[in-house]
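Read the structure below first, then the notes.
The values are calculated or read from the model by the stated rules, or taken from the named source; none is laboratory data. Because the structure is a prediction, the values reported are computed rather than measured. In this analysis, Cβ positions are derived from the backbone assuming ideal geometry, glycine residues included, and neighbour counts consider all displayed protein chains. Surface accessibility is based on the protein's heavy atoms, side chains included, excluding ligands, DNA and RNA. Shrake-Rupley method; radii C 1.70, N 1.55, O 1.52, S 1.80 Å.
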Amino acid sequence: MKKVKAFPCGTVANMVCGFDILGFALNEPCDEFEVEITDEPGVHIINNDDYNLPTDPEKNVSGAAMLALMDETPDVRGFIIRSTKLIKPGSGIGSSAASAAGVVVAANYLLGNRFSKLDLVRFAMFGEKVASGVKHADNIAPCIYGGVTLIRAIHPLDIVSIEAPLLHVTVVHPQIEVRTSDARQILKQQVLLKDAIKQWGNIAGLVAGLLKSDYDLIGRSLEDVIIEPVRSILIPGFDEVKKRSKDAGALGGGISGSGPSIFMLSKDAATAHAVAKEMEDVFIKIGIDYHTHVTTINQQGVKLVSE
Ligand code: HSE
């Protein structure tokens, strides 16, 4: 087998109170990458979309992840990557993580699955470094593992899959740009002890709520007193979206990754669609274009299709 197609999907990082440590995978939108082993040395990137992403592998998210994998595969001369991005870069729903994760999962399949999922996360994190300057894993881990994942530690990497009940996800992506690097730079480097106590109470409550399928506890724990108050000022309409979504029955939600997308969790599909309508109304009123997705949590990780 020399060629395979990978479909890595969008992800929601931070999961409100779990900055840099909690994330989950979506069933849509998903990118498409075709990965092929070649005798031509190096990583060769062909873009099949209009995003004009760099084709120099060191400056390209997929390329950097693949180069990290190739550092540990001296028997392979090169890879060709054909990239069709459907997750808009800069959307806050893990576009860069999908680029990095998709190609290393595909390459691993072509190499007879010689690497573990943990190894693949480690390689893909080099892609995140290119995208945002920081090797965070809260988009990459759920993209590769599927479901909800906890990044208990980065050094050394310790990833825990968290069982979750059926949750419907509504995501609105207002068409404005928030760069992850900027959204990280504005964060305060120190937090008050009283805020830290609230935050770790919420993180523990959220994880317990997911494991116990306790929707009320999940809803009560979807609160972020540290990051959201700072970052939400970058997203017009954020407070109104949140209020109207909760009034429509959402359990709760917040900024998806570093924004500008906003996500909400609901118990059923009808509520998730009602929430989408409220979100859309807010951005129609403000006059900002948007895309919405109503979907569920992806349990599978990156889907592969061989030819
Ligand atoms: N945890 C990262 C951040 C995710 O919020 O900066 C970026 O998508």
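Couple of notes before you dig in:
- Shown in residue order for the stretch 151-157 are the 3J(HN,Hα) couplings computed by the Karplus curve 6.51 cos²θ - 1.76 cosθ + 1.60 at θ = phi - 60°: 9, 5, 7, 9, 10, x, 4 Hz (x for Gly and Pro).
- Residues of the stretch 1-45 falling in the label zone of ALA269, defined by backbone nitrogen less than 15 Å from a point 7 Å along Cα to beta-carbon, are 27-28.
- Whole-percent carbon and sulfur share, accessible surface of the chain, 1.4 Å: 51 percent
- Straight-line reach from LYS135: taking Cα to Cα under 12 Å and skipping same-chain neighbours fewer than 8 places apart, the aspartates and glutamates in range are ASP20.
- Overall, the ratio between the Cα radius of gyration of the chain and 2.2 N^0.38 Å, rounded to two decimals, is 0.97.
- Using the Stokes-Einstein relation with a Kirkwood hydrodynamic radius computed over Cα pairs, the translational diffusion coefficient of the stretch 168-296 at 10 °C and a viscosity of 1.306 mPa s comes to 105 µm²/s.
- Overall, the chain carries a charge dipole of about 520 debye about its Cα centre when +1 sits on the Cβ of Lys and Arg and -1 on the Cβ of Asp and Glu, all other atoms neutral.
- Per-pair calculated FRET efficiency, R0 = 45 Å: ARG77 and ASP216 via Cβ, rounded to 0.05: 0.20
- Relative contact order for the stretch 95-143, counting Cα pairs under 8 Å that sit 6 or more residues apart, in percent: 46 percent
- Rolling a 1.4 Å probe across the protein heavy atoms gives the stretch 168-296 an accessible surface of 48 Å² per residue.
- Pairs beyond 20 Å (Cα-Cα), from LYS85/LYS285; LYS212/LYS267; LYS3/LYS88; LYS117/LYS267: LYS85/LYS285; LYS3/LYS88; LYS117/LYS267
- Straight-distance candidates among the aspartates and glutamates for linking to LYS243, with alpha-carbon spacing under 15 Å and chain neighbours fewer than 8 residues away dropped: GLU223, ASP224, GLU228, GLU278, GLU280, ASP281.
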